[in-house]
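Structure below; questions to follow.
The values are calculated or read from the model by the stated rules, or taken from the named source; none is laboratory data. For clarity, every value in this text was computed on a predicted model and none was experimentally measured. Cβ placement follows ideal geometry from the backbone for every residue including glycine, while neighbour counts extend to all protein chains displayed. Accessible surface areas use protein heavy atoms only, side chains included; no ligands, DNA or RNA. Shrake-Rupley method; radii C 1.70, N 1.55, O 1.52, S 1.80 Å.
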Amino acid sequence: MSELQKIEPEDAEGEVAELYEAATVMLGRVPNFYRFLAHAPYVAKMLLPFNAVMQRQGAGSILTTKIKEMVVIKTSKINGCDYCYAHNTALGQAAGISEDQVLAIDGDDFLNSELLSPREKAAVLWAEHVTRNTVRDHPEVREQVREHFTDAEMVELTLISGMFNMFNRFMDCMGVPMDIQKDIDSIKDSLHLDPDQVRAYFEHVAETWPADIPGPNPDT
């Protein structure tokens, strides 16, 4: 079987074209990630708003993008996912993470860094243990992190790290190529998410969702 190819915007039709239009609104562009996800457009259309809300500010998530991107950077660094690391370093910098802070997050001694606040250190620590799946072996870490985050924030911290563990594996397993630099840089303009855009997206999906959706392959 040949390698899976991305679907370029100029070749997008129907559900894929709608997906790309929505991705441009919510993410600022159509990243290569979604050009691969487009092979499963109905799944991608359900993932898009969750992806956008979890990373951006303004549409329901209560954590700042800065804290969330610190989690994503640590998660992607541990997993060695160059694609996610590059994109989220760019978004993180737009959210106020300095280059020196990125280096501190990357390292093993981040808990002793003077560049990170106690809350930021706790977020990075949680990302490390979620990614390595070691919280169950170190329950004291949960209590340490809970000193700095509410119950709702703990849920978001865990979800954002868990989501990027999934994304990291998808990028590497599917061989998703790095976006061109212009597109990586454009992510910096999508820091905030307009709740009206999210509402309009759900309304449109509900109105246009087909009665008959392709089901499982009967031959498998």
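Can you give me the angle between helix 151-174 and the longest principal axis of the chain, using Cα atoms only, in degrees from 0 to 90, rounded to the nearest 10?
60
With angles folded into 0 to 90 degrees, how steeply does helix 14-27 sit against the dominant principal axis of the chain? Use alpha carbons for both and round to 10.
Taking the Cα atoms of the chain, the angle to 14-27 is about 30 degrees.
Starting from the 7 Å offset along Cα-to-Cβ, what nm value, one decimal, do you get for the label separation of ASP183 and ALA40?
So the label points at ASP183 and ALA40 sit 2.0 nm apart.
To the nearest 20 debye, what charge dipole does the range 108-220 have about its Cα centre, counting +1 at the Cβ of each Lys and Arg and -1 at the Cβ of each Asp and Glu?
The calculated dipole for the range 108-220 is roughly 220 debye.
Report the charge-dipole magnitude of the range 61-123 in Debye, nearest 20, computed about the Cα centre from +1 at each Lys and Arg Cβ and -1 at each Asp and Glu Cβ. Please list the in-between numbers first.
Numbers: 6 positive and 9 negative charges, 67 e Å.
Result for the range 61-123 is approximately 320 debye, rounded to the nearest 20.
Moving to a separate point now. Is the range 1-94 best put as rounded, prolate or oblate by its Cα gyration tensor, with a ≥ b ≥ c the root eigenvalues, rounded for a/c under 1.5, and otherwise prolate when a/b is larger than b/c, oblate when not?
Taking the square roots of the gyration eigenvalues as a ≥ b ≥ c, the range 1-94 is oblate.
For helix 41-55, report the angle its Cα long axis makes with the longest principal axis of the Cα atoms of the chain; keep it between 0 and 90° and round to the nearest 10°.
30
Also: Which is the longest run of the chain containing none of the GluC sites (Glu not before Pro) found in DSSP loop states (not H, G, I, E, B) with at most 15 other C-beta atoms within 10 Å? All intermediate terms of the calculation are to be shown ahead of the outcome.
Details: sites that count: GLU3, GLU13, GLU114, GLU147.
Segment 14-113 is the longest.
Can you work out the FRET efficiency for the pair GLU143 and GLU10, with r the C-beta to C-beta distance and R0 = 41 Å, to the nearest 0.05?
The formula returns an efficiency of 0.20 here.
Separate question: Apply the a/c threshold of 1.5 to the C-alpha gyration tensor of the range 169-220 and tell me whether it is rounded, prolate or oblate. Could you put the intermediate results ahead of the total?
Numbers: a/c = 3.72, a/b = 1.18, b/c = 3.15.
Since a/c reaches 1.5 but b/c is at least a/b, the shape of the range 169-220 is classed as oblate.
For the chain, modelled as a Gaussian network with Cα springs under 10 Å, which listed residue fluctuates most, VAL135, VAL16, VAL176?
Among VAL135, VAL16, VAL176, the largest mean-square fluctuation in the Gaussian network model of the chain belongs to VAL135.
Quick one: dipole size for the range 1-138, taken about the Cα centre, charges +1 on Lys/Arg Cβ and -1 on Asp/Glu Cβ, in debye to the nearest 20.
That gives a dipole near 500 debye.
Also, quick follow-up: Is it possible to state the helix-based mean residue ellipticity at 222 nm for the chain, with each DSSP H run of 4+ residues giving -39500 (n - 2.57), the sum divided by total residues, to the nearest 500 deg cm²/dmol? What is it?
-19500 deg cm²/dmol
Could you give the distance between the Cα centres of the range 1-73 and the range 168-220, to the whole Å?
One Cα centre to the other: 3 Å.
While we're here: Quick one: length gained pulling GLU207 to ASP172 fully straight, 0.36 nm per residue minus the C-alpha distance? Don't skip to the answer; put the middle values down first.
Values: separation 35, 0.36 × 35 = 12.60 nm, distance 3.49 nm.
Extra length available between GLU207 and ASP172 comes to 9.1 nm.
What is the percent carbon and sulfur in the accessible area of the range 90-220, measuring with a 1.4 Å probe over the protein chains and ignoring ligands? If you can, show how the numbers build up before the last one.
Values: 4070 of 7700 Å².
After summing per-atom areas, the C and S share lands at 53 percent.
What distance in nm separates the two pseudo spin-label positions at ASP194 and SER117, each 7 Å out from Cα along the beta-carbon direction?
2.9
Order the following by accessible area, largest value first: CYS173, CYS81. Probe radius 1.4 Å; ligands, DNA and RNA are ignored.
In descending accessible area the options line up as CYS173, CYS81.
With a point put 7 Å past each Cα toward its Cβ, work out how far VAL135 is from ALA152 in nm, to one decimal.
About 1.8 nm, to one decimal.
Could you provide, to the nearest whole Å², the per residue accessible area of the chain with probe 1.4 Å?
With the other protein chains kept in place, the chain gives 51 Å² per residue.
Once the dipole of the chain is set up with Lys and Arg at +1 and Asp and Glu at -1 on Cβ about the Cα centre, which of CYS173, ASN112, THR131 lies farthest towards its positive end?
Among CYS173, ASN112, THR131, the one farthest towards the positive end of the dipole of the chain is ASN112.
How many lysine pairs does the chain hold where the Cα atoms are under 21 Å apart and the two sit 8 or more places apart or on different chains?
Value for the chain: 13.
Ok, one more. Suppose the Debye formula is applied to equal point scatterers at every Cα of the range 40-120; what is log10 I(q)/I(0) at q = 0.18, 0.23, 0.24 Å⁻¹?
-0.77, -1.12, -1.18
Work from the charge dipole of the range 57-163 (Cβ charges, +1 for Lys and Arg, -1 for Asp and Glu, about the Cα centre) and give the residue of GLN93, ILE160, ILE73 farthest towards its positive end.
Of the candidates, ILE160 comes out farthest on the positive side.
Can you find, among PHE202, VAL53, PHE33, the residue farthest towards the positive end of the dipole of the chain? Put +1 on the C-beta of Lys and Arg, -1 on that of Asp and Glu.
VAL53
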